[in-house]
Amino acid sequence: MKLATLKDGSRDGQLVVVSRDLTLAHYATGIASRLQQVLDDWGFMSPQLQDLYDALNNGRARHSFPFDPSMCMAPLPRAYQWADGSAYLNHVELVRKARNAEVPESFYQDPLMYQGGSDDFLGPTDDIVVPSEAMGIDFEAEIAVVTGDVKMGATPDQALDGIRLVMLANDVSLRNLIPAELAKGFGFFQSKPATAFSPVAVTLDEIGEAWQNGRVHLTLQSSWNGRKVGMCDAGPEMTFHFGQLIAHIAKTRNVRAGSIVGSGTVSNKGVEKNGRMDWPKGYSCIAEKRCIETIQGGEPVTEFMKFGDTIRIEMKGLDGRSLFGAIDQEVVSVAGRPKVAPVSLVNSQDGQAGQAGQADQAGDAAED
């Protein structure tokens, strides 16, 4: 089944069931008003939601209405825990290679992970609000899972049984704030603003055969300012599957229902072409593109995001239809959207020169 949370003026929104083709929705009020309620009592409530989902898909739901992603909050608008991994070690390898550093052997045995803010998630079409372009604004296209209760000491296989839902994430990074934070030895904080999630979260059966061994074997698409920049395979090169990521968290503590665990930037290895390394599947974050440019040409060229830039992140299922709906956001200043410029100024290029290379390469060094 597919679940979403609609904006209703409250912090936690209103839970709805969404049709498989993402065209219709139905309030789940008679079963639960919030997704966290369902996660807390999954065994009792999920079968009831499944019945409603079946009725909706078969045209038997009496009070369905058109589904509008722009009215969505994150499926779980605030969570007890948001832990993001770096499961695609190709991403780490690129970052390290760009600065002529080796990947420690331990990285291949034990997942990298940080704990992000979980009190203020963004909906799929909410603006990315940032104080300054100079902070190095970057998108990160990821997959995330929502868990039920997982006991401390759970094995990776046991942890897989704790997965309730899957969704997409845009784990926004402010790259130019990262070096100073990492230098303190305590990890990310201000460099990780609010994360956005896809319109719907889905149960594993919706992914079908593409769900294999804790990985989603589908293509994650990223389009920056309307240009497709990433068509990355999310399955084969995921070094640590979701069961391993969850088990990593559970090594010293219980993982409670409503925890969200991210995959980190989806990344694919390059291929050699005419004596030169190339990355035909593109990238899922700008930092990785800058690392590729450094490896190929000695320095990064691509700038980070500017106010007014857009990012769209989406994944198609085996049937070719959007599986989770799309994250579709615009970067906006804290001061808000600018007023429409007079016609005489629309084509002005003033102030655009000299921006290339504004961000220090050290800002690309985050390995999530």
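Scanning segment 14-60 for residues that are modelled with pLDDT under 95 and either of a type in the set (S, T, N, Q) or crowded, with 19+ Cβ neighbours inside 10 Å (or both) gives a single hit, 29.
Out of the residues in segment 120-149 that are acidic (Asp, Glu), open to solvent by 50 Å² or more (accessible area, probe 1.4 Å) and in contact with a strand residue (DSSP E or B) (Cβ under 9 Å, 6 or more places away or on another chain), state the one that is farthest from residue 277 (Cα to Cα). First the steps, then the outcome.
Of segment 120-149, the ones acidic (Asp, Glu) are 120, 126-127, 133, 138, 140, 142, 149.
Pick out the ones that are also open to solvent by 50 Å² or more (accessible area, probe 1.4 Å) and you get 120, 133, 149.
So of that shortlist, the ones also in contact with a strand residue (DSSP E or B) (Cβ under 9 Å, 6 or more places away or on another chain) come out as 133, 149.
Numbers: 133: 31, 149: 44 Å.
Filtering segment 120-149 for residues that are acidic (Asp, Glu), open to solvent by 50 Å² or more (accessible area, probe 1.4 Å) and in contact with a strand residue (DSSP E or B) (Cβ under 9 Å, 6 or more places away or on another chain), the one farthest from residue 277 (Cα to Cα) comes out as 149.
If you scan segment 67-116, which residues turn out to be open to solvent by 10 Å² or more (accessible area, probe 1.4 Å) and among the acidic types (Asp, Glu)? Those that are open to solvent by 10 Å² or more (accessible area, probe 1.4 Å) and among the acidic types (Asp, Glu): 68, 93, 102, 105, 110.
Using the structure shown, decide if residue 171 is open to solvent by less than 50 Å² (accessible area, probe 1.4 Å) and either acidic (Asp, Glu) or free of Cβ contacts under 8 Å to residues at least 12 places away in the same chain (or both). Spelling it out, residue 171 is indeed open to solvent by less than 50 Å² (accessible area, probe 1.4 Å) and either acidic (Asp, Glu) or free of Cβ contacts under 8 Å to residues at least 12 places away in the same chain (or both).
Only a single criterion out of (1) part of a helix (DSSP H, G or I); (2) under 23 Å from residue 259 (Cβ atoms); (3) hydrophobic (A, V, I, L, M, F, W, C) is not satisfied by residue 74, namely (1).
Out of the residues in segment 234-256 that are under 15 Å from residue 147 (Cα atoms) and charged (D, E, K, R), which is surrounded by the most Cβ atoms within 10 Å (Cβ to Cβ)?
Going residue by residue through segment 234-256, those that are under 15 Å from residue 147 (Cα atoms) are 241-250, 253-256.
Next, from what is left, pick out any that are charged (D, E, K, R): 253, 256.
Details: 253: 12, 256: 15.
In this case the residue turns out to be 256.
This table checks each residue for (1) within 14 Å of residue 93 (Cα to Cα); (2) of a type in the set (D, E, K, R).
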| position | (1), (2) |
| --- | --- |
| 254 | no, no |
| 259 | no, no |
| 265 | yes, no |
| 274 | no, no |
| 280 | no, no |
| 288 | yes, yes |
| 292 | yes, no |
| 295 | yes, no |
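In segment 281-289, is there at least one residue being without any contact (Cβ under 8 Å) to a residue 24 or more places away in the chain, farther than 17 Å from residue 196 by Cβ and surrounded by fewer than 23 Cβ atoms within 10 Å (Cβ to Cβ)? No, segment 281-289 contains no residue that is without any contact (Cβ under 8 Å) to a residue 24 or more places away in the chain, farther than 17 Å from residue 196 by Cβ and surrounded by fewer than 23 Cβ atoms within 10 Å (Cβ to Cβ). Residue 230 meets the conditions (1) under 16 Å from the mean Cα position of the chain (by Cα); (2) surrounded by fewer than 23 Cβ atoms within 10 Å (Cβ to Cβ) in every case but one. The failed one is (2).
Flag: residue 284 matches the condition of being under 25 Å from residue 100 (Cβ atoms) and either among the aromatic types (Phe, Trp, Tyr) or under 17 Å from the mean Cα position of the chain (by Cα) (or both).
Test of understanding: among 271, 200, which residue is at negative phi and in contact (Cβ under 8 Å) with a residue 40 or more places away in the chain? Sole residue among the options that is at negative phi and in contact (Cβ under 8 Å) with a residue 40 or more places away in the chain: 200. Within segment 228-277, the residues that satisfy the criterion of being closer than 16 Å to residue 216 by Cα and among the polar types (S, T, N, Q) are 239, 244, 263, 265, 267, 268. Is it true that residue 304 is under 18 Å from the mean Cα position of the chain (by Cα), surrounded by fewer than 19 Cβ atoms within 10 Å (Cβ to Cβ) and more than 23 Å from residue 108 (Cα to Cα)? In short, no.
Can you pull out every residue in segment 1-18 that is of a type in the set (A, V, I, L, M) and in a strand (DSSP E or B)? Correct list: 3, 4, 6, 15, 16, 17, 18.
Can you tell me which residue in segment 176-192 is surrounded by the most Cβ atoms within 10 Å (Cβ to Cβ), limited to those that are in contact with a helix residue (DSSP H, G or I) (Cβ under 8 Å, 6 or more places away or on another chain) and over 26 Å from residue 242 (Cβ atoms)? Spell out how you get there, then give the answer.
If we filter segment 176-192 for residues that are in contact with a helix residue (DSSP H, G or I) (Cβ under 8 Å, 6 or more places away or on another chain), which is where we start, we get 176-179, 187-191.
Retained after the next criterion (residues that are over 26 Å from residue 242 (Cβ atoms)): 176-177, 179, 190.
Details: 176: 22, 177: 20, 179: 17, 190: 12.
Per the stated criteria, the residue is 176.
Residues of segment 53-98 that are in contact with a helix residue (DSSP H, G or I) (Cβ under 8 Å, 6 or more places away or on another chain) and hydroxyl-bearing (Ser, Thr, Tyr): 64, 86. The single residue among 322, 333 that is open to solvent by 20 Å² or more (accessible area, probe 1.4 Å), within 14 Å of residue 129 (Cβ to Cβ), modelled with pLDDT of 95 or more and among the polar types (S, T, N, Q) turns out to be 333.
The values are calculated or read from the model by the stated rules, or taken from the named source; none is laboratory data. For clarity, every value in this text was computed on a predicted model and none was experimentally measured. Here the Cβ is made from the backbone with ideal geometry for all residues, glycine too, and neighbour counts use every protein chain on show. Side chains included, ligands, DNA and RNA excluded: accessible areas come from the protein's heavy atoms. Shrake-Rupley method; radii C 1.70, N 1.55, O 1.52, S 1.80 Å.
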